[in-house]
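Accompanying notes for the structure given below.
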């Protein structure tokens, strides 16, 4: 029934960045993981074997300082903060298959192996580093990138203060990879998304690459360099390697490694794109390892038009919107409100508009009135259809073709466009209800009423199946109401029609209206 069935059965590996544990999680962390969760759920429903990875980045000078400021040992500090990120997955129904921590033995082994590969390939050499370093960003910066503040201190583009650092350091020959990276980007135009970010990265690389300091000696909280324990691996070389660790590296014969590497997608915030789109592919190519297929950098959220900051007191705790508006409602809003990749504004007014109009009035009302009419007028069971009219066929054709229309949008991370396509069908179905007026047909033509209600039940069923990646509660509740079997809720179930005479449960609204309060 659904046109253009997807026959792709290859594995799909999607990752969030691993989140830095110098502080508690916020809504920005949720946004990245939510996008990956939707991709993972969609691909599973589409018949693909999925690995969805998230976790925490626990080494580095910033973590060491944060732990010291709290009077804690770094390991105990990271244990407590990492657990907060695990709890977040439960609260948001994230379906990650693995949660990695860079303090795990498996990760230490992977990092040391990658270092040895790079060293054996002549890509790492010992020298002395003298330059500007931002502890907050765990990043090195050139003089040309810095600005001088009113206080006389120098600041990175991120706003982090930089300090002059001089110490012995191992260097990675990044400069040797400038032309090869540009060739790689040209040969793989989809490697970086969205397009504007790809252009930024290519411009940065064309501007010239300097060899990269990949070890530190002024602190101890990190992975020791093989055969030189006075040096700690640069936190980004350590952190990026997690994507390999989680699929069994350094055992490149491991089943998971052979199945899932190279990763299909690394999802990142735009502030860490350079590490993933420049340093990471250079490390991998230098080590003889194939880079991931794609890195996608999304935008940031503001709150009521203002950038989130601790000083303004408007940083959104990730539990607050779920408690205030509901899980489905918040997940839907964050993916529908702005084109993914752009910055978006988290406003109470916009959230309420999406809840009451899109969810309650449009989708919720469609399902509630369609299933209620069936329950009341058809003996509580799905009616059998008679001959379809042109309007019936048009309605069914539209929902049948929906998966094929949204699949390419999902594959290029255009979540808002996929949801717009779904809601086009919701709008069409609501027009169909109004035009067919089954409540009037009940008095004049019950056979025709049965056909109209069957079409509506089928539309609701398909919409509920297709919206499952985006919302984890409401669609499942709708499928429960029509008693769709648990083993027939993936996209393959769209290929067969809803069978007549199936008993349904008494319909209950699944997307309630939001009653005004102070919100966030």
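Radius of gyration over Kirkwood radius for segment 389-444, both on Cα atoms: the Rg/Rh ratio is 1.14.
What is the diffusion coefficient of the chain in µm²/s, taking the Kirkwood radius over Cα pairs and the Stokes-Einstein relation at 25 °C with a viscosity of 0.890 mPa s? Please list the in-between numbers first.
Values: Rh = 25.2 Å.
Reported coefficient: 97 µm²/s.
Can you give me the distance in nm between label points at residue 253 and residue 24, each placed 7 Å from the Cα along the Cα-to-Cβ direction? Taking the two extended label points, one gets 4.8 nm. Each Cα pair under 8 Å and six or more residues apart adds its separation to the average, and for the chain the resulting relative contact order is 17 percent. Length gained on full extension, residue 148 to residue 446, computed as 0.36 nm times the residue gap minus the Cα-Cα distance: 99.5 nm.
Enumerate the residues in segment 99-141 having an amide nitrogen under 18 Å from the point lying 7 Å beyond the Cα of residue 79 toward its Cβ. Zone members listed by number: 100-106. What do you get for Rg/Rh of segment 170-284 when both radii come from the Cα atoms and Rh is the Kirkwood radius? Reported Rg/Rh (Cα atoms, Kirkwood Rh): 0.99. Going from the residue with the fewest nearby Cβ atoms within 10 Å to the one with the most, 36, 111 rank 36, 111. When both bridge partners sit in the chain, DSSP labels roughly 55% of those beta bridges antiparallel.
Here, segment 74-200 yields an orientationally averaged convex hull projection of 12.4 nm² when only Cα atoms define the hull. How tilted is helix 105-120 with respect to the longest principal axis of the chain? Cα atoms for both, answer in degrees (0 to 90, nearest 10). Once rounded, the angle reads 60 degrees. In a Debye calculation with equal point scatterers on the alpha-carbon sites of segment 432-520 and no solvent, what is log10 I(q)/I(0) at q = 0.12, 0.20, 0.21 Å⁻¹? Summing over Cα pairs of segment 432-520 leads to -0.47, -1.02, -1.08.
Legend: ranking of residues 435, 58 from fewest to most surrounding C-beta atoms inside 10 Å; resulting order 435, 58.
The convex hull defined by the C-alpha atoms of segment 348-495 has an orientation-averaged projected area of 9.3 nm². For the chain, the longest principal axis of the C-alpha atoms and the axis of helix 402-411 are separated by about 10°. In terms of surrounding Cβ atoms within a 10 Å radius of their Cβ, 32, 241 rank from fewest to most as 32, 241. Rounded to the nearest 10 degrees, the angle from helix 195-206 to the longest Cα principal axis of the chain is 10 degrees.
Round to the nearest 0.05 the FRET efficiency obtained for residue 381 and residue 353 when R0 = 30 Å and r is the Cβ-Cβ distance. Mind dumping the intermediate values first?
Working: r = 37 Å, r/R0 = 1.22.
Plugging the Cβ-Cβ distance into 1/(1 + (r/R0)^6) gives 0.25.
Okay, helix-only estimate at 222 nm for the chain: each DSSP H run of n ≥ 4 adds -39500 (n - 2.57), divide by all residues, round to 500 deg cm²/dmol; what do you get?
Working: 20 runs with 221 residues, N = 520.
The per-residue figure over the chain is -13000 deg cm²/dmol.
Bear in mind that the values in this text are calculations on the coordinates, not laboratory data. Note that the structure is a prediction, hence the values are computed from the model and not measured. Counting neighbours? That spans all protein chains shown, and the Cβs are built from the backbone with ideal geometry, glycine included.
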